[in-house]
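The values are calculated or read from the model by the stated rules, or taken from the named source; none is laboratory data. Every value quoted in this text rests on a predicted model; they were computed, and no experiment measured them. Please note: Cβ atoms are built from the backbone with ideal geometry, for glycine as well, and neighbour counts cover all protein chains shown. Only protein heavy atoms, including side chains, enter the accessible area calculation; ligands, DNA and RNA are left aside. Shrake-Rupley method; radii C 1.70, N 1.55, O 1.52, S 1.80 Å.
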Amino acid sequence: MTTVVTILAGALGIAVGSFLNVCIDRLPRGESIASGRSHCDGCKRQLTARELVPVISYLVLKGRCGSCRAQIPRRMPIVEVVTGLIFASLYLAYGPSGTFLLLAAYACILTIVFVIDLEHGLILNKVVTPILVLALAVAAIAPPQWLGTIGPHPIVSALIGAATGFVLLFLVALVSRGGMGWGDVKFAAFMGAATGFPLIMVAIFAGIVTGGVSGIVLLVFRKKGRKETIPFGPFLAAGTMIALLWGQAILRWYLGMM
Ligand SMILES: [Zn+2]
């Protein structure tokens, strides 16, 4: 039974991933994500229902538009498959629960931020503001267990987390002089509201470590020059997911070492 539901969760994730692609395509262009059929970027032709099946359509069309042969970005099937895998893994780990739903929702948000920053080098205000409000509302109304009990109510953890993330990255932005953008600083407030305090520390630390390691790897393989900047948002998004999933275990391990 669990296997069947896990597969269903994966299929749901693939379908949701398809919608995340729509968000990733349209949000930076200022287009509506709720209305308007998808079209080919090459010839502007509206896509038919058969061309909108996640993953399958990409494979059948061999990654090109049926009319103009324009390449369909490889990111489309990648986001769909990764979202499917995330949903299936989360279901396996948490089962049918509020935690599963919240982590799946946060994974979707983080995927959108990750890919848009990777492709455009920016974190959009119209994304950060609603997700910050959402994370604070969740902490106030249905707080997840990882927010802990540092105050009379878990919202305290979320608020201190948001303030900590904002201030820490604001300081990093001051020191790095352009290496870190204003979008990253505001996004860090969301990170803190979602993970709470002290897990925000794990999120930022994990982001800096993964970013640093990736930067070194890219430098070694000369994919990027020393002067080129690498967007930092994707690493912050990855660090946030790491903190949400394993933050408490990482913190216990770290405190045990001291
Ligand atoms: Zn086309």
Exercise. Is at least one residue of segment 25-37 more than 26 Å from the chain's Cα centre (by Cα), within 16 Å of the ligand (Cβ to nearest atom) and open to solvent by 40 Å² or more (accessible area, probe 1.4 Å)?
Worked result: no
For this session: Output the helices (runs of 4 or more DSSP H) that fall wholly within segment 1-115 and possess 1 or more residues being touching a helix residue (DSSP H, G or I) at 6+ places or on another chain (Cβ under 7 Å), of a type in the set (A, V, I, L, M, F, W, C) and over 20 Å from I242 (Cβ atoms), or say none.
Result: 2-26, 75-94
For this session: Hey, could you check segment 43-57 for residues that are farther than 17 Å from R75 by Cα and aliphatic (A, V, I, L, M) and say which is farthest from the ligand (Cβ to nearest atom)?
Result: A49
Problem set entry | Qualifying residues in segment 71-96 (those that are surrounded by 15 or more Cβ atoms within 10 Å (Cβ to Cβ) and within 16 Å of the ligand (Cβ to nearest atom)) - the one farthest from D25 (Cα to Cα) | I72
Problem set entry | Qualifying residue in segment 124-140 (condition: away from the ligand (no atom under 16 Å from the Cβ), in a helix (DSSP H, G or I), assigned by TED's automatic domain parsing to the domain that holds M180 and among the charged types (D, E, K, R)) | yes
For this session: Tell me which residues, restricted to segment 223-241, are part of a loop (DSSP other than H, G, I, E, B) and either at pLDDT 95 or above or not charged (D, E, K, R) (or both).
Result: G225, T229, I230, P231, F232
Exercise. When both residues are 6+ apart or on different chains and their Cβ atoms are under 8 Å apart, which pairs have a first residue that lies in segment 76-93 and is in contact (Cβ under 8 Å) with a residue 60 or more places away in the chain and over 16 Å from A105 (Cβ atoms), and a second that is of a type outside the set (F, W, Y) and not in a helix (DSSP H, G or I)?
Worked result: E80/P54; E80/V55; V81/V55
Problem set entry | G17 open to solvent by less than 80 Å² (accessible area, probe 1.4 Å) and out of contact with any Asp or Glu (no Cβ under 6 Å at 6 or more places or on another chain) | no
